[in-house]
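J.: One structure is given below, represented as structure tokens, and several questions about it will come after.
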Amino acid sequence: MLLHLSLTEYNINMEKIKILIACYLYFPANTPRAFRCYELSQELARQGHDVTVMALIGDHDYSDIETETLHIKNIGSSRFGNADVDGNWNKNIIYRVISRFVGSRWEFPTFELMGLVSNSVGDLHDYEMVISVAWPYPIHWGIGKLIQDIPKKQRPVWISDCGDPYMGNPMSKKAFIFKRVEKWWGRLTDFITIPIESARKAYYPEVQDKIRIIPQGFNYDVIQLENYQPNPKTTFIFAGKIYPITRDPSNFIEYLSSLDKDFEFHIYTDYPKFFDKFKDLIGNKLFIHNYIPRLEIIKKLSKADFIVNIQNVGSVQAPSKLIDYSLAKRPILNISSEFNEHEVVDEFMQGNYQHRMEEVNIDQFNIKNVAMRFLDLYSEKRC
């Protein structure tokens, strides 16, 4: 059959399969990886595949979105402080102290997720394709623990979806022992999907032939934009995580404080305390907001005169918010943490966007196309 049809054409006509998606968080959690799980599961289920999602969902009620082809199950409860989809977590002081001093470097408390996944998923023979989604990487390890006990010819197709690299991530250093863990998992998985080609170099040589590029996906059918009109005051927005030094707007804000111009700079972030130090410096021109749902932030972005992107240090990561920025259809000001873009900022403040960030092809992020790419991998392995 594949002599006459492309893999994608074949998948359109393929029989429906049973798919497991294992992840840490799911809707309504407001994180890039939760978006990945939600959008992908929704689209695969819309296409008629039998999809089971397993995540740390706590007591959240999913009866309004579950269907005959979409089932959402809990991987259990966390003892060590991993928050569930509603933000509930064990606030035990001992675990909080351990997390503070051991934390990400030693995968605490996320290491617990490996056991939660492997103990709750059950028999992988029930599925024809398994997609594990990281961050955090113990989700992959939980699936690996189950996969290794299944004879190779009986294993489901296993795709490990990675938002950011692990040992090769310059923004998150891990203890040396996890090098062995990553190589163990890499040997077991059939494919490793990453969002951008430049991230490939952050993975070990042994898995290079397993790497495929599949970007983030979004359901374009639900997007609502405002009819843009120039704002009375130049208004611009940044939405996303802040990392001191590596994705840091400090120098940019200091430069803004020197400008003799009225403007509004709105920031939507999960780290509002970071900006307390700028309140006296920039006064009522800076507006700090907590995260809001993704559809709402895209609508807000579409009303801004322009949008601010702070590029990551290094090239192995690409902020997933660039999809949201592109969908909002407003000019993007791309700056670095070091901030050497003074002249470009001056142009943007005057309404001159000739040096805007190059627009991306948003068709590649359409969830229909993204879901088909995953099914292509299933067909590649099985045919």
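Please treat every number below as a calculation from the coordinates, not as lab data. Treat the numbers as computed from the prediction; the structure is a model and nothing was measured. Cβ placement follows ideal geometry from the backbone for every residue including glycine, while neighbour counts extend to all protein chains displayed.
J.: Mind listing which trypsin sites (Lys or Arg not before Pro) in region 53-154 are in a DSSP loop and have 12 or fewer other Cβ atoms within 10 Å?
T.: Values: sites: LYS73, ARG79, LYS91, ARG96, ARG100, ARG105, LYS145, LYS152, LYS153; in loops: ARG79, LYS91.
In loop regions of region 53-154 (DSSP not H, G, I, E or B), the sparsely surrounded trypsin sites (Lys or Arg not before Pro) are ARG79, LYS91.
J.: Rg(Cα) of region 221-363 divided by 2.2 N^0.38 Å? The partial results should precede the final answer.
T.: On the way: Rg = 14.3 Å, N = 143, 2.2 N^0.38 = 14.5 Å.
Scaled against compact globular proteins, the figure is 0.99.
J.: Net charge within 14 Å of ARG187 by Cβ-Cβ distance, Lys/Arg positive one each and Asp/Glu negative one each, not counting ARG187 itself? Present the calculation step by step, with values, prior to reporting the outcome.
T.: Values: positive: LYS145, LYS152, ARG155, LYS179, ARG180, LYS183, LYS210; negative: GLU182, ASP190, GLU206, ASP209.
Net charge in that neighbourhood comes out at +3.
J.: If you place +1 on the Cβ of every Lys and Arg, -1 on the Cβ of every Asp and Glu, and leave all else neutral, what size is the dipole of the chain about its Cα centre, to the nearest 20 Debye? Please report the intermediate quantities before stating the final value.
T.: Values: 45 positive and 48 negative charges, 246 e Å.
With Lys and Arg at +1 and Asp and Glu at -1, about 1180 debye.
J.: Whose amide H sits under 5 Å from the amide H of TRP158, counting only residues 5 or more places off or on another chain, with H placed in the peptide plane?
T.: VAL130, ASP190, PHE191
J.: On full extension of the chain, what length is gained from ASP262 through ASN88, given 0.36 nm per residue of separation minus the C-alpha to C-alpha distance?
T.: Numbers: separation 174, 0.36 × 174 = 62.64 nm, distance 4.08 nm.
Residue separation times 0.36 nm, minus the Cα-Cα distance, leaves 58.6 nm.
J.: List the aspartates and glutamates whose Cα lies under 17 Å from the Cα of LYS233, skipping any in the same chain that are fewer than 8 positions away.
T.: Candidates past the 8-residue exclusion: ASP260, ASP262, GLU264, ASP305, ASP346, GLU347.
J.: Separate question: Under the rule of at least 5 residues apart or a separate chain, name every residue whose amide H is placed under 5 Å from the amide H of LYS73.
T.: For LYS73, whose amide H was placed from the backbone, the distant partners under 5 Å are VAL53, MET54, ALA55.
J.: At ARG187 and LYS16, where each label point lies 7 Å from the Cα along Cα→Cβ, what is the point-to-point distance in nanometres?
T.: About 3.9 nm, to one decimal.
J.: Could you tell me which GluC sites (Glu not before Pro) in region 29-137 are loop residues by DSSP with no more than 15 other beta carbons within 10 angstrom of their beta carbon? Numbers along the way, then the final one.
T.: Details: sites: GLU39, GLU43, GLU66, GLU68, GLU107, GLU112, GLU128; in loops: GLU66, GLU68, GLU107, GLU128.
Hits after loop and neighbour filter: GLU66, GLU68.
J.: Quick one: which residues, 5+ away or cross-chain, put their amide H under 5 Å from the amide H of PHE108? H built at 1.01 Å from N.
T.: Amide H neighbours of PHE108, under 5 Å, 5+ apart: GLY103.
J.: Summing -39500 (n - 2.57) over the DSSP H runs of n ≥ 4 in the chain and dividing by its residue number, what mean residue ellipticity at 222 nm do you reach, to the nearest 500 deg cm²/dmol?
T.: So the calculated ellipticity at 222 nm is -8500 deg cm²/dmol.
J.: Run down the lysines and flag those whose C-alpha is under 16 Å from the C-alpha of LYS73, throwing out any fewer than 8 positions away in its chain.
T.: LYS18
J.: Rounded to the nearest 20 Debye, what is the dipole magnitude of region 221-363 about its Cα centre when Lys and Arg each give +1 and Asp and Glu each give -1 at the C-beta?
T.: Values: 16 positive and 21 negative charges, 93 e Å.
Dipole size: approximately 440 debye.
J.: Consider all pairwise Cα distances in region 16-115 and report the whole-number % of them above 20 Å.
T.: Working: 2037 of 4950 pairs.
The proportion of pairs with Cα distances above 20 Å equals 41 percent.
J.: Now for a separate question. Go through the chain and flag any cysteine with no other cysteine's C-beta closer than 4.7 Å, please.
T.: Among the cysteines of the chain, those whose Cβ sits 4.7 Å or more from every other are CYS162, CYS383.
J.: How high is the relative contact order of the chain, in percent, counting Cα pairs under 8 Å that sit 6 or more residues apart?
T.: Numbers: 668 pairs, mean separation 57.5, N = 383.
Relative contact order for the chain comes out at 15 percent.
J.: Let me ask another. Expressed as a whole number of Å, what is the distance separating the alpha-carbon centroids of region 325-348 and region 105-180?
T.: 37
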